[in-house]
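Here is the structure we will look at, set down as structure tokens.
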There are 2 protein chains.
Amino acid sequence: MNLLENHPINELVVGQTATYSKTLTERDVILFAACSGDVNPVHLDKEYAATTPFGEPIGHGMWTGALVSAAIATRLPGPGSVYRSQSLSFKHPVKIGDAVTVTLTVSEIRERVKLVTLDCEAHNQDGKLIAKGVAEVIAPAEKQHLAAGVLPSIAIS
Amino acid sequence: MNLLENHPINELVVGQTATYSKTLTERDVILFAACSGDVNPVHLDKEYAATTPFGEPIGHGMWTGALVSAAIATRLPGPGSVYRSQSLSFKHPVKIGDAVTVTLTVSEIRERVKLVTLDCEAHNQDGKLIAKGVAEVIAPAEKQHLAAGVLPSIAIS
């Protein structure tokens, strides 16, 4: 069983970091398009994408946003966090096969209201900056070790 | 065939709006979790979610972000847009079965660099504000009518 561990407010310090990595697959692009309805062909149609400045299908920009939110929800502060806000600037496209690493760094803690500010950066396997921004979350009050949700199997045909 | 029509820079005016709606299904939650890796059980585990202040599984906050990006990529300005930045404040959770409507409003146009600023709001079926923020996109230079990408069938078991 996959366990998620959170970092409640009393375990957080300014400068603390966490990372989260995922490689973008064609399957991820299809699933993101399906659950959002974003069927822009630059993500889904190789022939069309070849006619764009990207030359090949690219991931949805907000897929990187989804990775940032996954890093917050599963790593830092982790389960029990309440997402208050997120800003993101998109710097570079993500192509299928790119390994994206999100790095979160605690930049401010307002203890009284448990509000934690995180600097968020996403880089690809070449160290190129994909996206950066700032998140605000209400940190959990209590320590938790939690079973991760279990996903059913998903078949694409 | 589903056609996407864009609004190039010369068709955009301040105050112009577009909307995009989607109802959150359990399937969407599973697909978003799968493509992002965000397996926080508050989204996936009914028993665990019942112990949280939400009382039932909620959608990923960034799923609403994905809808905002889908609205931009498919409606306003639509295909050919380049996503530069997005801010979002999360105001209210989305539950399975909630119908979320994103409204985009053009708030600023910098013609020389084709940079368009959009106010973004998402409301649920009761008119409750789910999330709001601001997007910056480079608008397309040319009018396009484009075939939407076609998704393969996805089976969850």
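Scanning segment B:54-82 for residues that are more than 22 Å from A:ARG84 (Cβ to Cβ) and open to solvent by 20 Å² or more (accessible area, probe 1.4 Å) returns B:ARG75, B:GLY80, B:SER81, B:VAL82.
Residue by residue through segment A:1-19, note down the ones that are within 9 Å of chain B (Cβ to nearest Cβ) and either part of a helix (DSSP H, G or I) or open to solvent by 20 Å² or more (accessible area, probe 1.4 Å) (or both). Outline the logic, then answer.
Filtering segment A:1-19 down to residues within 9 Å of chain B (Cβ to nearest Cβ) leaves A:2, A:4.
Correct list: A:ASN2 only.
One residue alone among B:VAL137, B:VAL113, B:VAL82, B:VAL102 is within 29 Å of A:ILE154 (Cα to Cα) and among the β-branched types (Val, Ile, Thr), and that residue is B:VAL102. Residues in segment B:99-157 that are open to solvent by 10 Å² or more (accessible area, probe 1.4 Å), small (Gly, Ala, Ser), more than 30 Å from A:LYS46 (Cα to Cα) and within 12 Å of chain A (Cβ to nearest Cβ): B:GLY133 only.
Looking at segment B:62-77 only, could you name the residues that are farther than 15 Å from A:TRP63 by Cβ and either more than 8 Å from chain A (Cβ to nearest Cβ) or out of contact with any Leu (no Cβ under 8 Å at 6 or more places or on another chain) (or both)?
Taking segment B:62-77 and keeping what is farther than 15 Å from A:TRP63 by Cβ, we get B:71, B:74-77.
Result: B:ALA71, B:ARG75, B:LEU76, B:PRO77.
Condition check ((1) touching a strand residue (DSSP E or B) at 6+ places or on another chain (Cβ under 8 Å); (2) among the aliphatic types (A, V, I, L, M); (3) in a strand (DSSP E or B)) across all residues:
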site: A:THR105; (1), (2), (3): yes, no, yes
site: A:ASP119; (1), (2), (3): yes, no, yes
site: A:ALA122; (1), (2), (3): yes, yes, yes
site: A:LYS132; (1), (2), (3): yes, no, yes
site: A:PRO140; (1), (2), (3): no, no, no
site: A:LEU146; (1), (2), (3): yes, yes, yes
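Return a yes/no flag: does segment A:45-53 have any residue that is part of a helix (DSSP H, G or I), open to solvent by less than 10 Å² (accessible area, probe 1.4 Å) and facing another protein chain (nearest Cβ under 7 Å). No, every residue in segment A:45-53 fails to be part of a helix (DSSP H, G or I), open to solvent by less than 10 Å² (accessible area, probe 1.4 Å) and facing another protein chain (nearest Cβ under 7 Å). Total residues in segment A:20-41 satisfying the condition of being more than 7 Å from chain B (Cβ to nearest Cβ) and either part of a helix (DSSP H, G or I) or open to solvent by 10 Å² or more (accessible area, probe 1.4 Å) (or both): the figure is 7.
The values are calculated or read from the model by the stated rules, or taken from the named source; none is laboratory data. No experiment lies behind these values; they were computed from the predicted model shown. Because the Cβ atoms are built from the backbone with ideal geometry, glycine has one as well, and the counts that use them run over all protein chains shown. With ligands, DNA and RNA removed, areas are computed over all heavy atoms of the protein, side chains included. Shrake-Rupley method; radii C 1.70, N 1.55, O 1.52, S 1.80 Å.
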